[in-house]
Amino acid sequence: MIVQYTALFVLYLFLAYQKDRFSLKEIIAFGILFRLLLLLLIPNLSDDVYRFLWDGKLWWEGVDAYAYLPRGIVQDNILSSELFAQLNSPNYYSIYPPLNQLIFSVAGLFENISMGIIVIRIFIILAEIGTLFLLPKVLRQYGKDSKLLLIYAFNPLVILELSGNLHFEAFVVFFLIWAIFEFEKQNHNKSAVSLGLAISFKLLPLILLAGFFKKLDMKSYLKFIVVAIAIAIMSFLPFLFSDALQGIIKSSSLYFQNFEFNASLYYLIREIGFAVKGYNIIATSGPWMGILSFAAMIIFNLLASPKIKLSERMLWTYIIYFLLATTVHPWYVLPILVLGIISGYRFPILWSFTIFLTYWGYSVSGYEENLGIVAFEYISLLVFIVIELPGKNKNRKLYYA
């Protein structure tokens, strides 16, 4: 798997350096084709889709997908054990937002699991097509070659994790691009709506609200926040008619206090904890890392010069978050890739290769994380950032106000 991905990535880099040989229409057409080729694929690098289908089918059975653990549902014979057997989280409440659940419920109309997967993939491919058409417009707004779209359109991690493994970062990327597009056109209300929709699919883009600070006067900034959060709240209104809150709080607390994967700074702190305490201190260090991350993002956006473009502020806000996170799956970094393309950074391209190496630890017997690969991933990333930053900022004298 790693060998095949490496070969694909080498081919991708070759095509990226040959982008001028393609027209923009050809890049878009091939980008769509590569995604459509995966239409009938059963995801084999992620089993999240089975939870999507599980939740979707529950709604059609008249069961609140937020309110019950899958293990309890299968014991009551409400759904078949065939789908339950493929779940990776039978003991966790669903935490997927209502807009996601709407797509799950459409897929849940079909008894056949393969058909349900195809339905979800169609929605994701549509979001991807939206990005392929919109990203060139944003690149032109930033004075860049619209053919840089190829770096996103042909990237193996993007294609495999979104259209292949069916992760909903596809919607986050599309709505983030739309938010930037509208903001640069001075359509601030539309931009806020777009960011609110990104938050509606994944809560994480909430952190990007700080990136609009200093890009607007205080009154406009507060209005922007209100509009974006209002859109997100509207999408979460179904929670008011559900028993979701308690389950979501439980599952979210587990995320910060139990889950750990491909972390950077947290793993160093974890080792210190083992040396001092003699056990894994994630239950306390996880929440504290979250607080530190939030504080660092706020401080960065307060101090960063107004001259820094919106896409770049978003990029570094994401970077701060993930360098302090306890869990960083490969598909999490895809918004960073597209923001890097717009901002003129190349290190996200490197990360889109090295982060895939974390799949090395998967086998039929389970998963065992290779800390050597994690170290290589983050050291190479940080080295590349250190090399690239001086050149990027040589014409920007005031990086901090």
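All conditions in (1) touching a helix residue (DSSP H, G or I) at 6+ places or on another chain (Cβ under 9 Å); (2) assigned to a helix (DSSP H, G or I); (3) open to solvent by less than 80 Å² (accessible area, probe 1.4 Å) hold for W59, with the sole exception of (3).
Name the single residue that is surrounded by the fewest Cβ atoms within 10 Å (Cβ to Cβ) among those in segment 290-320 being basic (K, R) and within 20 Å of V172 (Cα to Cα). Working first, answer last.
As a first pass, look at segment 290-320 and keep what is basic (K, R): 307, 309, 313.
From what is left, the residues that are within 20 Å of V172 (Cα to Cα) are 309, 313.
Details: K309: 18, R313: 24.
Going through the qualifying residues, I end up with K309.
Here is a check on your reading of the model: is F356 modelled with pLDDT of 95 or more, under 18 Å from Y266 (Cβ atoms) and not in a loop (DSSP other than H, G, I, E, B)? So F356 fails the test.
Just name the residue that is modelled with the lowest pLDDT out of those in segment 246-278 that are among the small types (G, A, S) and either within 14 Å of W288 (Cα to Cα) or touching a strand residue (DSSP E or B) at 6+ places or on another chain (Cβ under 6 Å) (or both).
Kept after step one, since they are among the small types (G, A, S), are these residues of segment 246-278: 247, 251-253, 263-264, 273, 275, 278.
Those still in the list that are either within 14 Å of W288 (Cα to Cα) or touching a strand residue (DSSP E or B) at 6+ places or on another chain (Cβ under 6 Å) (or both) too: 253, 273.
Numbers: S253: 62, G273: 91.
So the residue we want is S253.
Only one of N189, N165 is within 13 Å of the chain's Cα centre (by Cα) and surrounded by fewer than 24 Cβ atoms within 10 Å (Cβ to Cβ); which? Every option except N165 fails the conditions. What about I385, is it surrounded by fewer than 21 Cβ atoms within 10 Å (Cβ to Cβ), more than 22 Å from L166 (Cα to Cα) and among the β-branched types (V, I, T)? Against the criterion (surrounded by fewer than 21 Cβ atoms within 10 Å (Cβ to Cβ), more than 22 Å from L166 (Cα to Cα) and among the β-branched types (V, I, T)), I385 qualifies. Please tell me if Y332 is open to solvent by less than 10 Å² (accessible area, probe 1.4 Å) and in contact (Cβ under 8 Å) with a residue 24 or more places away in the chain. No, not satisfied.
Right, V106: open to solvent by less than 20 Å² (accessible area, probe 1.4 Å), among the β-branched types (V, I, T) and either within 21 Å of the chain's Cα centre (by Cα) or modelled with pLDDT of 95 or more (or both) or not? Write out each step before concluding.
Details: open to solvent by less than 20 Å² (accessible area, probe 1.4 Å): no; among the β-branched types (V, I, T): yes; either within 21 Å of the chain's Cα centre (by Cα) or modelled with pLDDT of 95 or more (or both): yes.
Here the answer is no, as V106 does not meet what is asked.
Would you call I118 open to solvent by 10 Å² or more (accessible area, probe 1.4 Å), β-branched (V, I, T), more than 23 Å from L216 (Cα to Cα) and assigned to a loop (DSSP other than H, G, I, E, B)? No: the conditions fail for I118. If I filter segment 33-53 for residues that are at pLDDT below 95, of a type in the set (S, T, N, Q), assigned to a helix (DSSP H, G or I) and within 30 Å of F239 (Cα to Cα), do I get at least one hit? No, every residue in segment 33-53 fails to be at pLDDT below 95, of a type in the set (S, T, N, Q), assigned to a helix (DSSP H, G or I) and within 30 Å of F239 (Cα to Cα). Considering (1) open to solvent by less than 30 Å² (accessible area, probe 1.4 Å); (2) touching a Pro at 6+ places or on another chain (Cβ under 8 Å); (3) under 19 Å from G130 (Cβ atoms), the lone condition that L24 does not fulfil carries the number (1). Pairs linking a residue in segment 87-113 that is of a type in the set (S, T, Y) to a residue that is part of a loop (DSSP other than H, G, I, E, B), with Cβ atoms under 6 Å and 6 or more positions apart or on different chains, are S94/A65; S94/Y66. When L209 is tested against (1) in contact (Cβ under 8 Å) with a residue 40 or more places away in the chain; (2) over 24 Å from Y93 (Cα atoms); (3) surrounded by fewer than 22 Cβ atoms within 10 Å (Cβ to Cβ), exactly one condition is not met: (1).
One residue stands out in segment 62-87 among those that are surrounded by fewer than 16 Cβ atoms within 10 Å (Cβ to Cβ) and assigned to a helix (DSSP H, G or I): the one that is modelled with the lowest pLDDT, namely Q75.
The values are calculated or read from the model by the stated rules, or taken from the named source; none is laboratory data. Only a predicted model underlies this, so the values are computations on that prediction, with no experimental measurement involved. Virtual Cβ from ideal backbone geometry, glycine too; neighbours counted across all protein chains shown. Surface areas here come from the heavy atoms of the whole protein model, side chains and all, with no ligands, DNA or RNA. Shrake-Rupley method; radii C 1.70, N 1.55, O 1.52, S 1.80 Å.
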